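Worksheet: the structure to be examined is printed underneath.
The values are calculated or read from the model by the stated rules, or taken from the named source; none is laboratory data. Keep in mind that this is a model prediction, so the values were computed, not measured. Note: ideal-geometry Cβ built from the backbone for every residue, glycine included; neighbour counts use all protein chains shown.
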Amino acid sequence: MSPVEWTVMDEERRSRPCALVIEDDSIVRALVAEILRTAGYRVYEAEDGADGIVQARVLFPALVVTDIFMPVQDGIEVLRHLKREMPQTRVVAISGGSPRVPLLDMLAVATKLGADAIVAKPFTPVELLTAASADDRGLADNVVSLNAFRRKPSGRPAQLPSKV
């Protein structure tokens with residue numbers, strides 16, 4: 001590769017915003033990464049919060065999408081760290097909930113700790129990209145209405161097509 005080719009490729013990399021996806025589920029992580037790549041982000045991936053924080057210190061990403069429930073270090077700790085050390089980084093917290101902790105409770109905690117947006121799993125690519133680029137902080141009302149929409153009259157979650 002000639003120096004000119006390298007310079008053009010290097011410049012192209014620098015012109016795209018950097019995103020870091022922190023998610024312990026490899027399938028969800030790959031899907032989120034692909035959605036962001038398609039939207040024009042340079043995407044890096046981490047499988048737990050500890051690795052995500054290490055990568056964030058090196059990358060200084062414009063965007064971090066982090067799961068809440070993960071081994072080693074959870075998304076709440078990642079969020080605290082990022083908001084303390086990299087307040088300019090946009091953080092989107094995602095979660096499908098836990099058997100012990102209701103989904104909306106954890107996403108509400110993430111909002112109070114400074115998450116710029118929250119997204120409940122399952123979600124569509126449009127929902128993720130809206131959260132990644134929204135100008136307003138804390139989309140708790142949107143998550144509440146989204147979850148209400150997803151409920152069938154029986155009280156069980158509805159299955160919506162094209163969800164991650």
(message) Would you confirm whether or not the range 51-58 contains a residue that is under 18 Å from Leu128 (Cβ atoms) and in contact with a Ser or Thr (Cβ under 6 Å, 6 or more places away or on another chain)?
(response) no
(request) Could you please let me know if Asp24 is more than 20 Å from Thr124 (Cβ to Cβ) and part of a loop (DSSP other than H, G, I, E, B)? (result) yes
(request) Check off (1) in contact with a strand residue (DSSP E or B) (Cβ under 7 Å, 6 or more places away or on another chain); (2) at pLDDT 85 or above; (3) more than 19 Å from Ser133 (Cβ to Cβ); (4) not small (Gly, Ala, Ser) for Ile22 and give me the number that stays unchecked. (result) (3)
(message) Out of the helices (runs of 4 or more DSSP H) lying entirely within the range 47-164, which hold 1 or more residues that are surrounded by fewer than 23 Cβ atoms within 10 Å (Cβ to Cβ), modelled with pLDDT under 95 and in contact with a strand residue (DSSP E or B) (Cβ under 8 Å, 6 or more places away or on another chain)?
(response) 75-85, 103-112, 125-133, 140-150
